[in-house]
Every structure is written in C-alpha cells, then in structure tokens.
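In what follows, a single structure is set out as structure tokens and then discussed.
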Amino acid sequence: MSPIQSFVIEVATALGLVQFPMSTPQEKIQAEIRALKLLANIIEESCEWYVRLNDKKQVVIHTFDDDPGLMIDPCETVERYYKDDNEHLVTYMFLGSTTTSPCVVVANDAPTCAIIDTVISLVLLADCGWPAKYTPLTLAMMRKNLRDCIRSSPLGSTITQEDYDRLEYINVLLENGTYGGALQAIGEHSRKCYTCKGWTEVEVQEHIEPYLMRIPDDDIESYLQSPVNPSDVRFICQSGLE
C-alpha cells in the first residue's frame, strides 16, 4: 500500500470506488453510499441521461442532449469535497468543440446530508426540462428555449457567458409575463449581436425569433410605438409582426 493510499478509505459504491480521507466520519461515508445508490437508480429510470466509465472505473453521467451537453462526475465530486473541501461539482459542458466547466456548488444544506444530493437535484432538473426558477444560471444554456436560440445563431459565432445571462434574464421576464421589459432586453441583445458580433439584420432576427414567438402581437406592436431605442424596430418589427 502506497503512503497516499494509507491515508484514505476506499469504499465500493453503486457508481464505483470512492476514496475518503481516514478522518471522514462513518455516518458521512454511509450517507454518500446511500445517495450514490439512489442516484444510480434515478439514472437507470431517466430518459435524459446515460452513463459510461472513466479511467478510474467510476461512472460519469451525460445528458443525451448535445450542443450543449452536460457531463457530471459524481464520484470525483465526492472525493474532491472530502479531500480538498472543494464545494464545486465536477461538471463539464460541451458546446460544439468547446468544453467548459460551469460553476455549480453544493446546496447550502449539503454539509448536513450527502454531497451527492446536489447531483441528484441536477439530474432531476434535467428530467423536468431545466425549469428557470431552479436551474443555476451557469447551466442556463441547458434549457430548451435557450438551446433553440443558440441553434438559430450564425454558424461559427461565439456565444459568451454574458449572452447566456442576458438570454436567461429575457426568459425570466417572459415567464413572468413582463413583455415590455423582455422586449427592451431583446432589443439590447439584438443591438449587441449586430454591432459587437457583426451579425447581419437577418441573422439577428432569426436569433431572437424564438423569444418573440412567446410574446403577444399586441404587446410587440405597443412596444414598437415607443421603443426604448429606436433601432429596436429594425430587428423586432420584422421578426415579430410579419
């Protein structure tokens, strides 16, 4: 046994072997074992996730969706928390050829229960369609209406975290029925895409169309009679009222 191994407890779980520091209370270890078993059962019944083994023979879970797709490493999340006191889930998001690690931390009450409970919550959010109220902003692009908008972006264009945050804000306004505020935010987003990203008017109109389709025509027409920025008309009018 190596010096490193002598300071850890290796435990078999439903998703693979997990190493805990020797100082980890037994009740914490048992809580994680139970939570990993529950997670394995949920994944088996889920239509949104599939599994594979990593190099350590531990299970990692992937969404069936791609562009973007999400991968979570449950066992590594547990090990990193107990070994390094790192509260971030081990996650990777795939958008085309780009891979990022979205910042998602364990729930506030996790230290009193299993760390893996936060992973279970994310898995269930996917099963529920990533509702805006509960989905972390760093995972906002996983939501279907955001994915649709990303798909309508010009090929090869770059969507930044600022864009994701703005689109998520637009979604929140739409879900709350705040159509005037949503149109103002759509106008701002359209101007940034046109001036900063160099998109054409047609490309911008196609990009914002999924959002305008969720706004009643009367509200669009009312906004365009007195837009916050006169240039909003060149994008919103043609997309929403044709």
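The values are calculated or read from the model by the stated rules, or taken from the named source; none is laboratory data. Since we're looking at a predicted model, the values are computed, not measured. Every residue, glycine as well, gets a Cβ built from its backbone with ideal geometry; the counts of neighbours run over all protein chains shown.
Would the range 26-44 turn up any residue that is surrounded by 14 or more Cβ atoms within 10 Å (Cβ to Cβ), assigned to a loop (DSSP other than H, G, I, E, B) and in contact (Cβ under 8 Å) with a residue 12 or more places away in the chain?
No, the range 26-44 contains no residue that is surrounded by 14 or more Cβ atoms within 10 Å (Cβ to Cβ), assigned to a loop (DSSP other than H, G, I, E, B) and in contact (Cβ under 8 Å) with a residue 12 or more places away in the chain.
Suppose we keep only residues that are of a type in the set (D, E) and farther than 20 Å from T138 by Cβ within the range 36-74. Which one would you say is modelled with the lowest pLDDT?
The extreme case among them is D55.
Suppose we keep only residues that are surrounded by fewer than 17 Cβ atoms within 10 Å (Cβ to Cβ) and of a type in the set (S, T, Y) within the range 192-233. Which one would you say is nearest to Q161 (Cα to Cα)?
Restricting to residues being surrounded by fewer than 17 Cβ atoms within 10 Å (Cβ to Cβ) and of a type in the set (S, T, Y), the top hit is T195.
Among the residues of the range 160-192, what is the count of those that are within 22 Å of the chain's Cα centre (by Cα) and modelled with pLDDT of 95 or more?
Within the range 160-192, residues that are within 22 Å of the chain's Cα centre (by Cα) and modelled with pLDDT of 95 or more number 4.
For the range 119-166: of the residues being free of Cβ contacts under 8 Å to residues at least 40 places away in the same chain and among the aliphatic types (A, V, I, L, M), which is farthest from K197 (Cα to Cα)?
L125
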